[in-house]
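Just below is one structure, and these are the notes that go with it.
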């Protein structure tokens, strides 16, 4: 006598197995989206624009009221807007004025939308081709992007990348790395 075997019974999944399968798929989707959103560098190849077209009027008024900047021609100032944490923005100012440049470079300022200055730094804007002076990377614990400032070095095909991250209401310098010109920032996150 032939024994009848139910092939379909081997293929049926139990309720527990289905729940585990759905949880695994959900975990994979969450992990993938987390890596794409938070760990992939923003790598914003930001470009400088006229300050009037980038910066809100209230913030621009605050910046222009600073003692050093009062007599500066507004048409020479350029800025970059870096979005972070929802609808908030950081603004980086390049004053593009000989009075703010010296042997070490030129003065740059980072402000939040509220008009608080978070960082001032001096940097040389002359970099090898395809290198950006400043880039935003991963979001740090205070929900601000870290900033990487790139500078040329005396060695051919080598640049210095200095990482600043937000801490207690300002940006602090965390580290400096020498890398090859054109190397992706991904290895520095």
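Summary table
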item	result
Filter pass, residue 83 being touching a strand residue (DSSP E or B) at 6+ places or on another chain (Cβ under 6 Å) and surrounded by fewer than 19 Cβ atoms within 10 Å (Cβ to Cβ)	yes
Answer from 182, 169 - the residue that is in contact (Cβ under 8 Å) with a residue 40 or more places away in the chain and more than 18 Å from residue 110 (Cα to Cα)	182
Among the candidates 176, 151, residue that is without any contact (Cβ under 8 Å) to a residue 24 or more places away in the chain and within 24 Å of residue 84 (Cβ to Cβ)	176
Matching option when the condition is over 30 Å from residue 61 (Cβ atoms) and modelled with pLDDT under 90, among 141, 175	141
Residue 28, sole failed condition from (1) under 26 Å from residue 151 (Cα atoms); (2) modelled with pLDDT under 75; (3) exposed (fewer than 12 other Cβ atoms within 10 Å of the Cβ)	(1)
Residues that are more than 19 Å from residue 107 (Cα to Cα) and at pLDDT 85 or above, drawn from region 77-87	83
Matching entry among 18, 69, 74 (being modelled with pLDDT of 75 or more, in contact with a helix residue (DSSP H, G or I) (Cβ under 7 Å, 6 or more places away or on another chain) and over 19 Å from residue 121 (Cα atoms))	74
Any strands (runs of 3 or more DSSP E) falling wholly within region 76-168 and containing at least 3 residues that are more than 15 Å from residue 54 (Cα to Cα)	105-112, 117-123, 134-139, 145-152, 158-167
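Let's see how each residue does on (1) surrounded by 17 or more Cβ atoms within 10 Å (Cβ to Cβ); (2) modelled with pLDDT of 95 or more; (3) out of contact with any helix residue (DSSP H, G or I) (no Cβ under 7 Å at 6 or more places or on another chain):
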residue	(1), (2), (3)
115	no, no, no
137	yes, no, no
146	yes, no, yes
149	yes, yes, yes
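The values are calculated or read from the model by the stated rules, or taken from the named source; none is laboratory data. Treat the numbers as computed from the prediction; the structure is a model and nothing was measured. A quick note on method: Cβ atoms are made from the backbone with ideal geometry, for glycine too, and the neighbour counts reach across all protein chains shown.
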